[in-house]
Amino acid sequence: MQKIMLSLVVALGLGLSALSGAAAEESKLHRVVIQIDQNDPDVMNMVLNNAKNVIEYYRSKSEDAQVEIVAYGPGLHMLRDDTSPVKERIKQMTEKDFPSKLAFAACNNTKQGMEKREGHAITIIPQATIVPAGVVRIMQLEEQGYSYVKP
């Protein structure tokens, strides 16, 4: 009798463990950092398409995704208020389509270099956060478990 009871307790424990593992897997947060380092509207739109596709894919599976787009070098034009060919799309995506799922980081090293070359201050769109260095930001996110994509 004790062996049967022990077997039932072990089986129940294994079953509960499997269920909690499945629940943990379902609630996993998927995180990706996407780099943009080109001043090319087609590449910028591809980056935004990648972000949209990731978020929508996991949303369709009732899972969560967080995407951060990091712009540096010529890619900073994506986040410049005066030169971004995609700023209206970014506004739509962050305010209406995917609030809290999509973040943007602008490299301050690049921003300062552009300001020095152009001789005036550069304004970054309000949806972006300025970070000290774009490459360092990508490294930090990878160290936090983010997947990395460069289109």
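Give me a count of the residues in the stretch 104-138 that are in a helix (DSSP H, G or I) and more than 13 Å from the chain's Cα centre (by Cα).
Kept after step one, since they are in a helix (DSSP H, G or I), are these residues of the stretch 104-138: 108-118, 134-138.
With more than 13 Å from the chain's Cα centre (by Cα) added as a condition, the list becomes 108-118, 134-136.
Going through the stretch 104-138 one residue at a time, the tally reaches 14.
Evaluate the stretch 85-94: report whether one residue or more is within 22 Å of PRO151 (Cα to Cα), of a type outside the set (A, V, I, L, M, F, W, C) and touching a Ser or Thr at 6+ places or on another chain (Cβ under 8 Å).
no
Got at least one residue in the stretch 21-36 being polar (S, T, N, Q), closer than 28 Å to TYR146 by Cβ, modelled with pLDDT of 95 or more and surrounded by 10 or more Cβ atoms within 10 Å (Cβ to Cβ)?
Taking the stretch 21-36 first, the residues polar (S, T, N, Q) are 27, 35.
Narrowing further to those that are closer than 28 Å to TYR146 by Cβ: 27, 35.
The next check asks that each one be modelled with pLDDT of 95 or more; those that pass are 35.
Subset that is surrounded by 10 or more Cβ atoms within 10 Å (Cβ to Cβ): 35.
There is at least one residue in the stretch 21-36 that is polar (S, T, N, Q), closer than 28 Å to TYR146 by Cβ, modelled with pLDDT of 95 or more and surrounded by 10 or more Cβ atoms within 10 Å (Cβ to Cβ).
Please determine, by comparing only the residues of the stretch 139-151 that are part of a helix (DSSP H, G or I) and either free of Cβ contacts under 8 Å to residues at least 12 places away in the same chain or among the aliphatic types (A, V, I, L, M) (or both), which one is surrounded by the most Cβ atoms within 10 Å (Cβ to Cβ). First the steps, then the outcome.
To start, the set of residues in the stretch 139-151 that are part of a helix (DSSP H, G or I) comprises 139-143.
Those still in the list that are either free of Cβ contacts under 8 Å to residues at least 12 places away in the same chain or among the aliphatic types (A, V, I, L, M) (or both) too: 139-141, 143.
Working: MET139: 13, GLN140: 15, LEU141: 20, GLU143: 8.
Once the filter is applied, the top-ranked residue is LEU141.
Please verify whether THR110 is farther than 18 Å from VAL54 by Cβ, among the hydroxyl-bearing types (Ser, Thr, Tyr), in contact (Cβ under 8 Å) with a residue 12 or more places away in the chain and surrounded by fewer than 15 Cβ atoms within 10 Å (Cβ to Cβ), treating the condition exactly as stated. Step through it out loud before you land on a result.
Values: farther than 18 Å from VAL54 by Cβ: yes; among the hydroxyl-bearing types (Ser, Thr, Tyr): yes; in contact (Cβ under 8 Å) with a residue 12 or more places away in the chain: yes; surrounded by fewer than 15 Cβ atoms within 10 Å (Cβ to Cβ): no.
No; evaluated as a whole, the condition is false for this residue.
To keep it simple, each residue is scored yes or no on (1) assigned to a helix (DSSP H, G or I); (2) out of contact with any Asp or Glu (no Cβ under 7 Å at 6 or more places or on another chain); (3) of a type in the set (Asp, Glu); (4) surrounded by 20 or more Cβ atoms within 10 Å (Cβ to Cβ).
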position	(1), (2), (3), (4)
LEU48	yes, yes, no, yes
GLU56	yes, yes, yes, no
GLY75	yes, no, no, yes
ASP82	no, yes, yes, no
PRO85	no, yes, no, no
THR94	yes, yes, no, no
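The values are calculated or read from the model by the stated rules, or taken from the named source; none is laboratory data. Predicted, not measured: the structure shown is a model, and the values here were computed from it. Because the Cβ atoms are built from the backbone with ideal geometry, glycine has one as well, and the counts that use them run over all protein chains shown.
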